[in-house]
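Trainee: Pasting in a structure now, in C-alpha cells, and then I'll have a few things to ask.
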Amino acid sequence: MSVLTSPGFWFLVVVTAWLAAGVALKGRSPVGYWYAVGYPLTWARINWTWRPLAVERNLFVNRSSGRALVGDLIVRGSDLRPIVPRLWISRPNRAGLNVRIRMLPGQTPEQYAQASEAIMHAWRVQSVRVTSPSRGVVIITAMVTDPLAGVVVRNPEVTAVAAAGPADRAVLALLVGITEAGRSWIMNLRLVPHWLVIGATRSGKSTLIHAIVSRLAPHNVALVGVDLKGGLELSVYGPRLSGLATTRAEAVDLFTALLDLIMDRMTLCKVAGVRAVWELPDPPPPIVVIVDEIAEVFLLTNPRDREEAALRDRATNTLLRLAQLGAALDLHLLLGGQRFGSELGPGATALRAQATGRVCMHVNDSESAQMVLGDVWPEAVATAQLITAEERGTAVTSDGNGSWVRARGTLTSPVEAAETARMYARITPVLDRITRPWDGRAGGEAG
Ligand SMILES: Nc1ncnc2c1ncn2[C@@H]1O[C@H](COP(=O)(O)OP(=O)(O)O)[C@@H](O)[C@H]1O
Ligand SMILES: [Mg+2]
C-alpha cells in the first residue's frame, strides 16, 4: 500500500497546510487569521476549559443538596461531579464570537460577569462582555479585537439652516456615537427622560454634552445650563441657551422658575384633557436642562454655613421635583459629574432613581461605576471599570433594548458646539420668567 492512499498521511497534509496558511495570514490579515485559525482554536479552547472554569468560578450546581446530615452533624460539601451549565458557541463574526449559556436554577448574570476576567484569560480573547437579553439566558460576547479602538466618530457637517418647526418625536432621539456592535448610539430622551453622565476628568463627558447640544440646537428645543464651576463649560453655548445658572443661588431661582413653568404646562394638559404635553395641539418646546457638575449642587464648601445648607436643600428639592414631574411635561435632565457616590447624600440617591438613563465613562473609583450602573445592569459594572483613562469618549450605556452596550461618543469640540450654538441663536426659545443669558449683551445675536 502506498503512502498516498493512507488517511493518516492526508490528515497530516491538511493540518500542515492549515498551519502554514495560519502563519501566512497572521501578520497580513488579522480577520482572515481569526476566521481560518483563531476561531477553531478558540472553539476548542472554550469546550476544553468550560468545565474546570465553571467549577473554579462557582458557576455550577450540585446534583444533590450541598448539605447532608451525617449522624447528628450537618456537613456541607460539593458533589464530585457538579453540574455545569450548557453552552452553545455561535459562528464567528469579524470581532469574535458569542457564547449562549442557559443559567442553572439559582444563578444570576452577575455571577458570570464577576467571572469575566477569568473567562477572558481562559479563552485567550481580548475582552468579554456578559449580557442577559432574555430571562434565564446569558450571552458571553468574546472579542478578539476591540471594535472601538482607535475609532473617532465625527459629526456630519453642520450645514442645515434653522428650521424652527414643532419639535417632533424624532428630534429627541439623539444620535451621539457608535456602539461596539456597530450600531448607532442613540440617546432617546422621549423614551428615557433623564440621564446621568458620569466619568472622571477628561473621560469625555463635556464632549458628549457638546454632541448632544449640537444635535438639539437646530430644533425648537429650549436648552438650559447649570454650571456651578463659574459657567466655564456651558457658557460656550451662551447664545443658544434659554437660561443659565452659574451660582447655587441662580440655580435655585432657575429650578423654581422651571418648576412654575411645568406646573403651568400641567394645567394646560389638564384643561386639554391630554396626559403628556406633546399631545397638545400646539405643544410648547421641550426643555433640556444640562447640569455640568452635579456634585456642585449637592456638596457644601463649608458644612457649618447654615445659609449655604438651606440653599443646597432648596436646590436639591427643586431639582428632584423637576425630575419627578418633568417626564410627561417634556422637561429633561442631563446630569454630568465626576463621581456619583453616597457622599452626595440622600438627595443624590433619590435623583438617581429618577434618572434611569445612564452613561458611565472611565471612572477613578469602583463606587461610581457601581452607583451609576449597579442598580440597572449589575453585570455591566465590571466592563465599565475596565474602560481606561486613554479610552476617552468610551462609555457603557443603554443599548435601547433594555440591556447595555459599550459605545463611543462623537468627537465634538467646544469650538464646533459654540459654532452650532451661534448658528441657531436666533431660534432660542424664550421661557416664561427666565432670561436668556445672551439677552441684553452687546453684540449678542439672540433677540
Ligand atoms: N468621543 C471622543 N472621541 C475622541 N476623543 C474624545 C472623545 N471624547 C473626548 N475626547 C478627548 O478627550 C478630551 C477630554 O474630553 P472632555 O469631554 O473635556 O472630558 P471631561 O468633560 O470628562 O473632563 C477631549 O479634549 C478630546 O480630545
Ligand atoms: Mg468637562
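A short reminder: the numbers here are calculations on the coordinates, not readings from a lab. Worth saying up front: this structure is predicted, and the values here are computed from it rather than measured. With ideal geometry, Cβ positions are generated from the backbone for all residues, glycine too; neighbour counts draw on all protein chains shown.
Trainee: Suppose each label sits 7 Å from its Cα in the direction of the beta carbon; what would the Ser90-Ala173 distance come out to in nanometres?
Mentor: Taking the simple label geometry, Ser90 and Ala173 are separated by 2.2 nm.
Trainee: Given the rule -39500 (n - 2.57) for each run of at least 4 DSSP H residues, summed and divided by the residues of the chain, what is its mean residue ellipticity at 222 nm, to the nearest 500 deg cm²/dmol?
Mentor: Values: 13 runs with 152 residues, N = 447.
Rounded to the nearest 500, it is -10500 deg cm²/dmol.
Trainee: On to the next question. Given H placed 1.01 Å from N in the peptide plane, which residues other than close sequence neighbours of His332 have an amide H under 5 Å from its amide H?
Mentor: HN-HN under 5 Å from His332: Ile287, Val288, Val289.
Trainee: Quick check: from the Cα gyration tensor, does the range 220-319 come out rounded (a/c under 1.5), prolate or oblate?
Mentor: oblate
Trainee: If each of Ser134 and Ala272 carries a label point 7 Å out from its Cα toward its Cβ, how far apart are those two points in nm?
Mentor: Here the modelled spin labels are 4.0 nm apart.
Trainee: I need the peptides 394-400, 48-54 ranked by packing, meaning the mean over residues of other C-beta atoms within 10 angstrom, with the highest value on top.
Mentor: Peptide ranking by packing, descending: 394-400, 48-54.
Trainee: So, R0 is 56 Å and r is the distance between the beta-carbons of Ala249 and Ala118; what FRET efficiency does that work out to, to 0.05?
Mentor: 0.60
Trainee: Further question on the same structure: Can you bin the range 156-427 into rounded, prolate or oblate? Criterion: square roots of the alpha carbon gyration tensor eigenvalues sorted a ≥ b ≥ c, rounded for a/c under 1.5, prolate for a/b above b/c, oblate for the rest.
Mentor: Rounded.
Trainee: Hey, another quick one. Under a GNM of the chain (C-alpha, springs under 10 Å), which listed residue has the highest mean-square fluctuation: Gly402, Gly374, Gly326?
Mentor: In this elastic network of the chain, the residue with the biggest mean-square fluctuation among Gly402, Gly374, Gly326 is Gly402.
Trainee: Using the Cα gyration tensor of the range 358-417, with a ≥ b ≥ c the square roots of its eigenvalues, what is the shape: rounded (a/c below 1.5), prolate (a/b larger than b/c) or oblate (neither)?
Mentor: Oblate shape, in that a/c is at least 1.5 and b/c is the bigger or equal ratio.
Trainee: First measure r as the distance between the Cβ atoms of Arg100 and Met263, then evaluate 1/(1 + (r/R0)^6) with R0 = 45 Å and state the FRET efficiency to the nearest 0.05.
Mentor: 0.35
Trainee: A further question on this structure: Along the charge dipole of the chain, which of Gln107, Asn302, Gly177 sits closest to the positive end, that is, farthest toward it, with unit charges on the beta carbon of Lys, Arg, Asp and Glu (+1, +1, -1, -1)?
Mentor: Among Gln107, Asn302, Gly177, the one farthest towards the positive end of the dipole of the chain is Gln107.
Trainee: Let me ask something additional. Grab the other residues whose beta carbon is less than 10 angstrom from that of Leu87, score K and R as +1, D and E as -1, and report the net.
Mentor: Around Leu87, the surrounding residues sum to +3.
Trainee: Right, something else. Through the Karplus equation 6.51 cos²θ - 1.76 cosθ + 1.60, θ set to phi - 60°, convert the phi angles of the range 19-25 into ³J(HN,Hα) values in whole Hz; use x for Gly and Pro.
Mentor: 5, 5, 4, x, 4, 5, 6
Trainee: Another one. How many nm is it between the label spots at Ser413 and Val23, if each spot is 7 Å from the Cα in line with the beta carbon?
Mentor: The answer from the label model is 4.8 nm.
Trainee: Find which of Val55, Leu344, Leu12 sits farthest along the positive direction of the dipole of the chain, computed with +1 on the beta-carbon of Lys and Arg, -1 on that of Asp and Glu, about the Cα centre.
Mentor: Of the candidates, Leu12 comes out farthest on the positive side.
Trainee: When every alpha-carbon pair in the range 73-118 is counted, what percent end up more than 17 Å apart?
Mentor: In whole percent, the share of Cα-Cα pairs in the range 73-118 beyond 17 Å is 55.
Trainee: Which one, Leu319, Leu104, Leu69, has the greatest fluctuation when you compute a Gaussian network model over the chain with C-alpha springs under 10 angstrom?
Mentor: Leu69
Trainee: Here's another thing I want to ask about it. To the nearest 0.05, what FRET efficiency results for Glu307 and Val376 with a Förster distance of 45 Å applied to their C-beta separation? Before the final figure, lay out the partial values.
Mentor: Working: r = 37 Å, r/R0 = 0.82.
Efficiency computed from Cβ-Cβ geometry: 0.75.
Trainee: Multiply the residue gap between Ala350 and Ile83 by 0.36 nm, knock off their C-alpha separation, and tell me the result in nm, one decimal place.
Mentor: 91.9 nm
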